[in-house]
Amino acid sequence: MNKKIRSILLSAGLAAGLTFSFTATAEAATYTVVKGDTLYLISQKYDISLSSLRHANNIYTDYIGIGQILNIPVKTSLPTVETEKNELWQNYSADELDLLARLIMAETESQPYQAKVAVGAVVLNRVESGVFASTITEVINQKFGEYYQFSPVQNGWIKRYANEECIKAAKEALNGVDPTNGALFFYDDSTTNTWILSKPVSVKIGRMIYSY
């Protein structure tokens with residue numbers, strides 16, 4: 001969600017008498033990279049977005065070195081609207097919700113509910129990462145070289161309608177629920193691809209594995 005949309009939502013919320021809470025501003029800091037660190041893990045440690053960490057250090061690859069000193073950006077004081085049901089998914093279009101639910105259906109139809117939410121969360125994490133495309137639709141349809149990032153787009157499975165559970169999982173992910181703690185990738189336990197297997201694992205849910 002861009003700054004203009006957030007500003008509009010804030011104005012509308014004030015007019016409607018909604019309650020807002022503000023995130024306290026953190027002190028500026030630096031961090032020295034140690035073995036096992038990734039940019040995403042560091043961003044999670046300081047509760048900041050990966051994109052803001054990249055911008056603060058002018059780093060747009062995944063490579064950081066042990067001993068490297070990173071600037072930790074000050075958190076902004078953007079307000080968040082507090083609603084009874086926390087239905088942030090309503091800020092997204094029906095097409096975005098439908099496409100996300102279809103991807104979840106195609107990737108995790110037979111997997112536990114939390115695995116479904118986690119797939120949606122990965123898509124949202126990519127949108128926020130600054131590394132992938134900047135919208136849900138663009139992330140899901142993104143290609144690197146000749147291949148789509150998600151196989152259901154390549155093989156057409158994403159054209160199937162999503163069931164109610166997958167729609168519910170998509171809404172939960174859009175509400176900000178992330179069982180993966182910021183993962184950017186997922187695969188099932190039958191994968192033999194050495195590149196994806198080399199990624200640090202965040203969590204395994206059912207047969208699905210989520211990584212950074």
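The values are calculated or read from the model by the stated rules, or taken from the named source; none is laboratory data. Bear in mind that the values here come from a model prediction, so they are computed numbers and not experimental data. We place every Cβ from the backbone using ideal geometry, glycine too, and count neighbours over all the protein chains shown. Heavy atoms of the whole protein, side chains included, go into the accessibility calculation; ligands, DNA and RNA do not. Shrake-Rupley method; radii C 1.70, N 1.55, O 1.52, S 1.80 Å.
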ask   = Applying the Karplus parametrisation 6.51 cos²θ - 1.76 cosθ + 1.60 with θ = phi - 60° to the phi angles of the range 63-74, what ³J(HN,Hα) value in whole Hz is obtained for each residue in order, glycine and proline being reported as x?
value = 9, 9, x, 4, x, 5, 9, 10, 7, 9, x, 5
inquiry  = Just want the answer: with Cβ charges of +1 for Lys and Arg and -1 for Asp and Glu, which residue in PHE132, GLN149, ALA162 is farthest toward the dipole's positive end in the range 82-170?
reply    = GLN149
request  = Would you mind counting up the charge near LYS116? Only other residues with Cβ under 10 Å from its Cβ, with Lys and Arg at +1 and Asp and Glu at -1.
outcome  = -3
message = Quick check: from the Cα gyration tensor, does the range 106-212 come out rounded (a/c under 1.5), prolate or oblate?
response = rounded
note = Given pairs LYS45/LYS168; LYS35/LYS199; LYS45/LYS171; LYS171/LYS199; LYS143/LYS199; LYS45/LYS143 and cut-off 22 Å on Cα-Cα distance, the over-length ones are LYS45/LYS168; LYS45/LYS171; LYS171/LYS199; LYS45/LYS143
Vicinal HN-Hα couplings computed from phi for the range 166-182 (Karplus, 6.51 cos²θ - 1.76 cosθ + 1.60; Hz; Gly/Pro x) = 6, 5, 4, 5, 4, 4, 5, 5, 5, 6, x, 6, 9, x, 8, 6, x
ask   = What FRET efficiency, computed as 1/(1 + (r/R0)^6) with R0 = 30 Å and r the Cβ-Cβ distance, is obtained for ALA29 and ASP62, rounded to the nearest 0.05?
value = 0.85
query = If amide H atoms are built 1.01 Å from N in the plane of the peptide, which residues on other chains or at least 5 residues away come under 5 Å of the amide H of ILE205?
reply = TYR210
query = Tell me, what ³J(HN,Hα) does each residue in the range 29-36 have, in order and in whole Hz, if you take phi through Karplus 6.51 cos²θ - 1.76 cosθ + 1.60 with θ = phi - 60° and put x for Gly and Pro?
reply = 8, 10, 9, 9, 5, 10, 4, x
task = Taking H placed 1.01 Å from N in the peptide plane, check which residues at least 5 places from PHE185 or on another chain put their amide H under 5 Å from its amide H.
result = SER211
ask   = Can you list the chymotrypsin sites (Phe, Trp or Tyr not before Pro) in the range 120-179 that are in a DSSP coil and have 10 or fewer other beta carbons within 10 angstrom?
value = TYR161
ask   = Roughly how many Å² is the accessible area per residue of the range 89-212, as a whole number, for a 1.4 Å probe?
value = 49 Å²
